[in-house]
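Contents: one structure, followed by commentary.
The values are calculated or read from the model by the stated rules, or taken from the named source; none is laboratory data. Just so you know, these numbers come straight off a predicted model, no measurement behind them. Heads up, the Cβs are rebuilt from the backbone with ideal geometry, glycines too, and the neighbour counts pull from every protein chain shown.
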């Protein structure tokens, strides 16, 4: 190899695929237990340096809850473009469409949810992301329903709680349907129960 080629090779930045690294980490956490795996273990298994790993995922919490920020962005987009004028159907259809955004990485979503269901501590790591989703929902509710902030908070909180419960059940039971499919079916019941919220 010429000196120029060798120099270019040394100077080439390392490309790290966040999805592949995340899936590697999630598999390790699921197999060994999240507390038994270090970030050094993840870096070794993923074949990258520790510094590259921390550039992609600064913590175990970031690995487990890593898809939530993108989901919240998609949820906001779906709510803003949805023509539905009734509150619960709006939330139902927008949330399910946002979940379709994640269905391409079903194994990743399932592993994340299994880990989230594994302990209150891991669930708690995602409080800020879940609150971000709740605030997005609350804003959409307020645009259609002017009956007070408490009502908007109650309905948005109920949807978050119901969604997480259904999704964790789906993950723990290895249900063959997509996450979005299970949510859609479950939200039909949610819609019937909370029909008076419209």
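Numbers at a glance
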| read-out | value |
| --- | --- |
| The range 39-78: number of residues that are surrounded by 15 or more Cβ atoms within 10 Å (Cβ to Cβ) and outside any helix (DSSP H, G or I) | 5 |
| Selection status of residue 140, assigned to a helix (DSSP H, G or I), surrounded by 20 or more Cβ atoms within 10 Å (Cβ to Cβ) and in contact with a helix residue (DSSP H, G or I) (Cβ under 9 Å, 6 or more places away or on another chain) | yes |
| Residue identified as surrounded by fewer than 18 Cβ atoms within 10 Å (Cβ to Cβ), over 15 Å from the mean Cα position of the chain (by Cα) and in contact (Cβ under 8 Å) with a residue 60 or more places away in the chain among 86, 81 | 86 |
| In the range 46-87, the residues that are touching a helix residue (DSSP H, G or I) at 6+ places or on another chain (Cβ under 7 Å) and more than 24 Å from residue 113 (Cα to Cα) | 48, 49, 50, 82, 84, 85, 87 |
| Filter result for residue 96 (surrounded by 19 or more Cβ atoms within 10 Å (Cβ to Cβ) and over 17 Å from the mean Cα position of the chain (by Cα)) | no |
| Whichever residue in the range 158-174 is farther than 17 Å from residue 119 by Cα and out of contact with any helix residue (DSSP H, G or I) (no Cβ under 6 Å at 6 or more places or on another chain) and, among such residues, is surrounded by the most Cβ atoms within 10 Å (Cβ to Cβ) | 163 |
| Residue selected from the range 175-198 under the condition at pLDDT 90 or above and either not in a helix (DSSP H, G or I) or not assigned by TED's automatic domain parsing to the domain that holds residue 111 (or both), by the criterion surrounded by the most Cβ atoms within 10 Å (Cβ to Cβ) | 178 |
